[in-house]
Amino acid sequence: MEPDPHPDSIRASQAADRPPALAQAVSAPLTRAAIFLVATLNPGAEHRATVRSFCGDLAALVRAVEFRDLEGGLSCVIGVGSDAWDRLFGQPRPAELHAFREILAGERHAVSTPGDLLFHIRAKRMDLSFELAMQIVARIGSAISTVDEVQGFRYFDDRDLMGFVDGTENPRGQAAADAVVVSDEDPEFAGGSYVIVQKYLHDLGAWNALSTEAQERIIGRTKLSDIELDDSVKPTSAHSALTTIVENGKEIKILRDNMPFGRPGHGEFGTYFIGYSRSPRTIEQMLANMFVGRPPGNYDRLLDFSRAVTGNLFFVPSATFLEDVAEDQTLEDQTIEDQLVVAEPSVSVSAAAVTSTPIPSVQDGSLGIGSLKGDVRHE
């Protein structure tokens, strides 16, 4: 194993005499507005130093903007991609961090797109989210290149643009923490989380041409009341069926904060999927079930009307980890290959490859892509 290029103070949160690491605001109350900002890290030691310095400053920056409305519910979660982790922090690295694994199955494609850093900004008001996004870009703008930016909003009674409620199966309270926060399975990075994001565009014309009953069979829930369809009438290809993951008789939950977005003048209507999990394997299995099918070919018919145009996997380090990144600690300006372990490349998952993996049994649930729900505390 290569020696760790960073002093032990970076990972002071793991010291035996320190309290448990404090998680970022992953399970913060869901809000009415959000900004999803995905960026790549520009080459150069000075840009790595800028981002590392920013890690320790993020909490103070959020507090400064939040003070303008203490009841505005402002929060920001930062996630780091696989390649960027090696460039910024080196070894050790989170046990399950890797590049997003794209899936190809017929005409269905879960794409993998560039992204080193994710900023998930939430607030009750868009102006608070917008102000924080401006401050973040002003602080580190020269060190990053924005590759995707989406402003999301809650739609009426927490529905998506396809008319269905989302997030009904989100865990709450301690169950939410248990679902999303890394613990003893990776003690170096306890308090962290994994997050997968995808930007979906919907063909609303074709979707709205369906009857309500046909739409309900695709989603697996009633449109008006958001009640799960009985198994006797719910197709095995229903979205809610395919996105339920069961291991050893227990359903494995994730935490979603999906939001609609759109530009009516451009005919753009979509859902920004964001799922937090203790392990990326849970969401990856959901996506395999959706795109390839369970069994293969029995895919999620929602994908006949929704197309993924982005895909990224990030690790969300604990807030303690971020604050412990010292500003004066930088890597030497040399190639990634010379200084660090090369990041794992993006992996394409074919339908044949997925069939070799045991598929968990099915229970009721919802991934929430194309059916959006608001605050989990009011479900």
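Here are a few things to note about the model shown:
- Some residue of segment 202-213 being closer than 30 Å to V316 by Cα and either open to solvent by 20 Å² or more (accessible area, probe 1.4 Å) or in contact (Cβ under 8 Å) with a residue 40 or more places away in the chain (or both): yes
- Of all residues in segment 6-52, those that are at pLDDT 85 or above, of a type in the set (G, A, S) and farther than 25 Å from V180 by Cβ total 3.
- For S142, the criteria (1) farther than 30 Å from E66 by Cβ; (2) surrounded by fewer than 17 Cβ atoms within 10 Å (Cβ to Cβ); (3) touching a residue at least 24 places away in the same chain (Cβ under 8 Å) hold in every case but one, which is (1).
- Count of segment 169-199 residues which are within 18 Å of R221 (Cβ to Cβ) and either open to solvent by 40 Å² or more (accessible area, probe 1.4 Å) or among the aromatic types (F, W, Y) (or both): 1
- Looking only at segment 60-73, and only at residues there that are open to solvent by 10 Å² or more (accessible area, probe 1.4 Å) and touching a strand residue (DSSP E or B) at 6+ places or on another chain (Cβ under 6 Å), the one that is farthest from A95 (Cα to Cα): G73
- Scanning segment 286-298 for residues that are crowded, with 21+ Cβ neighbours inside 10 Å and touching a helix residue (DSSP H, G or I) at 6+ places or on another chain (Cβ under 9 Å) turns up M286, A288, N289, M290, F291, V292, G293, R294.
- Scanning segment 221-232 for residues that are open to solvent by less than 80 Å² (accessible area, probe 1.4 Å) and not charged (D, E, K, R) yields T222, S225, L229.
- Contact map, segment 119-130: residues that are under 24 Å from P317 (Cα atoms) paired with residues that are buried (at least 17 other Cβ atoms within 10 Å of the Cβ) and among the acidic types (D, E), Cβ distance under 8 Å, separation 6+ or inter-chain. Pairs shown: H120/D257; R122/D257; L128/E66.
- From D86, D127, D116, residue being modelled with pLDDT of 95 or more, over 28 Å from Y200 (Cα atoms) and either touching a helix residue (DSSP H, G or I) at 6+ places or on another chain (Cβ under 6 Å) or not aliphatic (A, V, I, L, M) (or both): D86
- The residue that is least open to solvent (accessible area, probe 1.4 Å), among those in segment 145-163 that are of a type in the set (A, V, I, L, M) and in a strand (DSSP E or B), is V150.
- Any hit, segment 250-270, residues being open to solvent by less than 30 Å² (accessible area, probe 1.4 Å), part of a helix (DSSP H, G or I) and either without any contact (Cβ under 8 Å) to a residue 12 or more places away in the chain or not polar (S, T, N, Q) (or both): no
The values are calculated or read from the model by the stated rules, or taken from the named source; none is laboratory data. Predicted model only: the values in this text are computed from it and were never measured. We place every Cβ from the backbone using ideal geometry, glycine too, and count neighbours over all the protein chains shown. We work out accessible area using only protein heavy atoms, side chains counted, and drop any ligands, DNA or RNA first. Shrake-Rupley method; radii C 1.70, N 1.55, O 1.52, S 1.80 Å.
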